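The next block holds one structure in the form of structure tokens; read it before the comments.
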Amino acid sequence: MFIQTEATPNPATLKFLPGQDVLGQGAMEFRSRDAAAHAPLAEALLSIEGVEAVMYGADFVSVTKNGAEWPHLKPAILGTIMEHFASGAPLLTEGAAPAQSSGEFYDSADAETVATIKELIETRVRPAVAGDGGDIVFRGFKDGVVYLAMKGACSGCPSSTATLRHGIENLLKHFLPQVKAVEPA
């Protein structure tokens, strides 16, 4: 098995591509071993000293470090990912919670606008963000402001604010004049 690695705009995060589906669709992020209790690969990666977060994407695993250097971490991460996929073990075990989309807030009068925002995020934004090893989730819409949460490589990325403000905000304003701003949730 050959696992490719790709740099992301976030220097603390690397994207690992095992050459096969990981989650298939959507994304799941794990920031602690407790949160990864039903995700054996994420739990194993989080047990490596220096690993702070793991995100499963459609065909990748992104790993965020906290202070350690990539030359020291990469061999252990690559070995853990290779061992997991070679073993045929499931990515998620029974009891794993699906990706949460709860906690959304918006006025029911804005339902049509919110549906368009979600469609634009799903079709135009999420693929680009996934290409950088991250994910983006709609959280809310109030008084013309769209609230989005960045995950994976995009969470804590130095350029994530610029991505939200200039890229995503401009896209949404182009299609929906009622959007005034985009803010992190």
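The values are calculated or read from the model by the stated rules, or taken from the named source; none is laboratory data. This is a predicted model, so every value here is computed, not measured. Don't worry about glycine lacking a Cβ; one is built from the backbone with ideal geometry, like all the others, and counts go over all protein chains shown. In case anyone asks, the SASA skips ligands and DNA or RNA and just uses the protein heavy atoms, side chains included. Shrake-Rupley method; radii C 1.70, N 1.55, O 1.52, S 1.80 Å.
Among the chymotrypsin sites (Phe, Trp or Tyr not before Pro) within segment 1-67, those in coil by DSSP and having at most 12 neighbouring Cβ atoms inside 10 Å are PHE2.
Per residue, the accessible area of segment 43-185 comes to 50 Å², computed with a 1.4 Å probe over protein heavy atoms only. In a shell of Cβ-Cβ distance under 12 Å around SER155, excluding SER155 itself, what net charge do Lys and Arg (+1) and Asp and Glu (-1) give? Around SER155, the surrounding residues sum to -2.
Principal-axis analysis of the Cα atoms of the chain puts helix 70-87 at an angle of about 80° to the longest axis.
Ranking GLU69, GLU169, GLU112, GLU94 by solvent-accessible area of protein heavy atoms (1.4 Å probe, all protein chains present), from largest to smallest, gives GLU94, GLU112, GLU69, GLU169. Taking every Cα-Cα distance in the chain and sorting them into 5 Å bins from zero, the calculated P(r) comes out as 1, 8, 17, 20, 18, 14, 10, 7, 4, 1, 0 percent. For the chain, the 222 nm mean residue ellipticity estimated from helices alone, with every DSSP H stretch of n ≥ 4 adding -39500 (n - 2.57) and the total spread over all residues, rounds to -7500 deg cm²/dmol.
Specify the inter-centroid distance of segment 65-83 and segment 11-51, based on alpha-carbon positions, in whole Å. If we compute the Cα centre of each part, the gap is 12 Å. Residue ranking by accessible heavy-atom surface, 1.4 Å probe, largest first, among THR123, THR163 comes out as THR123, THR163. Rounded to the nearest 10 square angstrom, PHE85 shows an accessible area of 40 square angstrom against a 1.4 Å probe.
Per atom type, the chain shows carbon and sulfur on 51% of its accessible surface, probed at 1.4 Å.
Using a probe of 1.4 Å, the accessible surface attributed to THR93 totals some 50 Å² when neighbouring protein chains are kept in position. Taking Lys and Arg as +1 and Asp and Glu as -1, the other residues whose beta-carbon sits under 12 Å from that of ASP59 total -1.
What is the ratio of the Cα radius of gyration of segment 60-154 to 2.2 N^0.38 Å, where N is its residue count, to two decimals? Dividing the Cα radius of gyration by 2.2 N^0.38 Å gives 1.42.
In the assembled protein chains, GLU29 presents an accessible area of approximately 50 Å² (probe radius 1.4 Å).
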